[in-house]
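The values are calculated or read from the model by the stated rules, or taken from the named source; none is laboratory data. Computed from a predicted structure; not experimentally measured. Just so you know, the surface numbers come from the protein's heavy atoms only, side chains and all, with ligands and any DNA or RNA stripped out. Shrake-Rupley method; radii C 1.70, N 1.55, O 1.52, S 1.80 Å.
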Amino acid sequence: MKLFIDTADLNEIKELASWGILDGVTTNPTLLAKSGRSFQEVIDEIFDLVDGPISLEVLSEKADDMIKEAKQIISKTPQKYRKNVAIKIPMTPEGLKAVKALSKEGIKTNVTLIFSANQALLAAKAGATFVSPFIGRLDDNGQEGMQLIEEIMDIFCNYDIETEVIVASIRHPIHVIEAARLGADIATVPPDVIRKMTKHPLTDAGIQSFLKDWAKVKK
Ligand code: E4P
């Protein structure tokens, strides 16, 4: 399973990219607002830090405007990074039209705010490169988010659909394990959850006891 980082915090992206574990980045307006920096400033740096799909969201509601916005984003991206741009488009009928048009031009799209398997199927049919089902928000709403991933994976496998499933709105490390067990293509994970994935108390205890014993070894 590929691992994307779900943040616009450049320090976190830099640090976690240095671990050699990141395959891409997802951002959204909320994450960009938290970064406190301008959109262009943030994305220019992200392209330098991670060589993989970088999802950047459009805010327009009409298909033609979404397409224009997408093209503006691409035109401001240095040529060498354009292959990494994935335009994040909300799951609406207008969004589907935009996905269809952009995919015809070979532009990657990530259909976001997916909360049902039907939405994922429609996005895939329109030509989406990625779909992003938001599992944490479903859990918050009293629905089993991971069940949605199971349904989408079943459907996409039944028909050899090439659209990749990004498990989004991840809240804790168990979500990552469950996503991987279901065969999801990608999990996009907030930095604090990635840090938690490194931890186990027995690892810490093991290091401490090896250090203690090493001190007793004749040198
Ligand atoms: C995905 O691309 C989104 O940025 C993200 O996963 C949303 O998660 P949230 O529910 O924590 O806001």
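Which number do you get for Rg(Cα) / (2.2 N^0.38 Å) in the chain? Before the final figure, lay out the partial values.
Details: Rg = 19.3 Å, N = 219, 2.2 N^0.38 = 17.1 Å.
Normalised by 2.2 N^0.38 Å, the Cα Rg of the chain equals 1.13.
When ligands, DNA and RNA are left out and all protein chains stay put, how many square angstrom of accessible area per residue does region 113-219 have with a 1.4 Å probe? Please report the intermediate quantities before stating the final value.
Working: 6350 Å² over 107 residues.
Here the residues of region 113-219 average 59 Å² of exposed surface.
I'd like the per residue volume of the convex hull spanned by the Cα atoms of region 52-111, given in cubic angstrom.
Values: hull volume 3.8 nm³, N = 60.
So the per-residue hull volume is 64 Å³.
Hey, what did the chain get for relative contact order, percent, Cα under 8 Å, at least 6 apart? Before the final figure, lay out the partial values.
Working: 360 pairs, mean separation 37.8, N = 219.
Across the chain, relative contact order equals 17 percent.
Report the percentage of all Cα-Cα pairs in region 5-50 whose separation exceeds 12 Å, rounded to a whole percent.
In whole percent, the share of Cα-Cα pairs in region 5-50 beyond 12 Å is 54.
Tell me the relative contact order for region 1-69 as a rounded percent, counting alpha carbon contacts under 8 Å between residues six or more apart.
Numbers: 82 pairs, mean separation 22.6, N = 69.
Relative contact order, region 1-69: 33 percent.
Just the number, please: carbon plus sulfur as a percent of the accessible area of region 1-118, 1.4 Å probe, no ligands or DNA/RNA counted. Walk me through the numbers on the way to the answer.
Values: 2890 of 5670 Å².
Here carbon and sulfur together make up 51 percent of the probe-accessible area.
What number, rounded to the nearest 500 deg cm²/dmol, is the helix-based mean residue ellipticity at 222 nm of the chain, given -39500 (n - 2.57) per DSSP H run of at least four residues and division by all its residues?
Working: 11 runs with 113 residues, N = 219.
Estimated from H runs of four or more residues: -15500 deg cm²/dmol.
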